[in-house]
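Visitor: My questions all concern the structure below.
Nothing in this text is a laboratory measurement; each read-out follows from the coordinates by a stated rule. In this text the structure is predicted, and so the values were computed from the model without any measurement. Glycine gets a Cβ as well: all are built from the backbone with ideal geometry, and neighbour counts include every protein chain shown.
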Amino acid sequence: MKPGDFAEMTRRYSAADMAEFADLAGGALPDHVPEPLIGALFSYLLGVKLPGFGTNYLKQSLDFRGAAPLDVPLTARVEITRLRPDKHLVDLATTCRLPDGTLICEGRALVLAKDVGA
């Protein structure tokens, strides 16, 4: 791992996905992608892609810039901005964008990870 390394994924949420979400959450049917589902994209990337298995979230901040529409691909990205090998810490920038580049969400994550390096 080094600063500048990144991982991305693209996910499209449908009206059917929102119906399932509403059933699980016990709320009204959303007409856009709820913020927790966007946050879950970052959790997936951090736990599966970068840094990967064994990663523990310590801190997260997210700034939502607008509603994410249904049936539109959302691209979530995590990028290493700083490594602190002495403490096994990784700082990352997080973003979620629409296909045209519109920023839906940006933030930061601090994670405890194995194999941070020296």
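Visitor: Using the number of other C-beta atoms within 10 angstrom as an exposure proxy, rank 18, 1 with the fewest first.
Guide: Working: 18 19, 1 15.
Listing 18, 1 from fewest to most nearby Cβ atoms yields 1, 18.
Visitor: Once every DSSP H run of n ≥ 4 in the chain is given -39500 (n - 2.57) and the sum is divided by its residues, what mean residue ellipticity at 222 nm do you get, rounded to the nearest 500 deg cm²/dmol? Could you put the intermediate results ahead of the total?
Guide: On the way: 2 runs with 21 residues, N = 118.
That comes out to -5500 deg cm²/dmol.
Visitor: Let me ask something else about it. Take the Cβ-Cβ distance between residue 79 and residue 14 as r, set R0 to 22 Å, and report the resulting FRET efficiency rounded to the nearest 0.05.
Guide: Values: r = 28 Å, r/R0 = 1.27.
After rounding, the FRET efficiency stands at 0.20.
Visitor: If I take all pairs of Cα atoms in the chain, what percentage of them are more than 24 Å from each other?
Guide: Value for the chain (Cα pairs over 24 Å): 30 percent.
Visitor: Based on Cβ point charges of +1 for Lys and Arg and -1 for Asp and Glu, what charge dipole magnitude is obtained for the chain about its Cα centre, in debye rounded to the nearest 20?
Guide: 560
Visitor: List the trypsin sites (Lys or Arg not before Pro) in region 1-57 that DSSP assigns to loop (not H, G, I, E or B) and whose Cβ has at most 13 other Cβ atoms within 10 Å. Which are they?
Guide: 12
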